Amino acid sequence: MTATSSVATAQQRVSGPSPTRRLATSGRGMELSVPRTSRPGAGGAEEVSEKDMRWPGRIRRIGRAQLRRWDLDALSEPVELCLSELVTNAMRYGHGPVVRVRLHQDGSHLLIEVTDGSPGRAVLSVAGPDEERGRGLALVDAIADAWGVSDDGTCTWCRLSVPERHS
């Protein structure tokens, strides 16, 4: 499957308004704003500052704590992986001074949104066996029910199903 067809497939799995618009109007949510210290280099990629590279781990821990508050511990591993990949991409390729992370759950789904201020759309790539980078969105695609990029390219999001609760 090519990167383009995989993105199209993932985006087709979502119906209705974009997740960003739904976030402000329904369910429970959490939002973080993280200032970036790194700035984009040549070709859009950069060497990310050590300070910025600490944020994915911190946000994983914050996300895990939020999931505990929502009694969604069963989602900890997939959410932590998705958060880590999306935040790392935002720190590495984003152009804005701030990275915003939102978690929102409505009872049946959990939505993760990472906004990086860059109009460049995240693209699913196929990394070679010797490449150290380029697998993040492939992991998100494999784990999440759906993922995509906002129309303006500044927000990458993914959605996971919330497990049914048995009494």
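Some values worked out for this structure:
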| quantity | calculated |
| --- | --- |
| Region 52-106: number of residues that are closer than 14 Å to Thr156 by Cβ and small (Gly, Ala, Ser) | 4 |
| Counted residues, region 45-66 - those being without any contact (Cβ under 8 Å) to a residue 12 or more places away in the chain, basic (Lys, Arg) and either over 16 Å from Gly94 (Cβ atoms) or in contact with a Phe, Trp or Tyr (Cβ under 8 Å, 6 or more places away or on another chain) (or both) | 2 |
| Residue among Asp116, Asp141 that is among the acidic types (Asp, Glu), modelled with pLDDT of 85 or more and farther than 19 Å from Glu47 by Cβ | Asp141 |
| Residue list for region 69-84, filter: surrounded by fewer than 23 Cβ atoms within 10 Å (Cβ to Cβ) and under 11 Å from Ile59 (Cα atoms) | Glu80, Leu81, Ser84 |
| Residue in region 55-70 that is in contact with a Gly (Cβ under 6 Å, 6 or more places away or on another chain) and either over 30 Å from Arg165 (Cβ atoms) or modelled with pLDDT under 90 (or both) present | no |
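The values are calculated or read from the model by the stated rules, or taken from the named source; none is laboratory data. Quick caveat, the model's predicted, so the values are computed rather than measured. Reconstructed Cβ throughout: ideal geometry from the backbone, glycine too, with neighbour counts over all protein chains shown.
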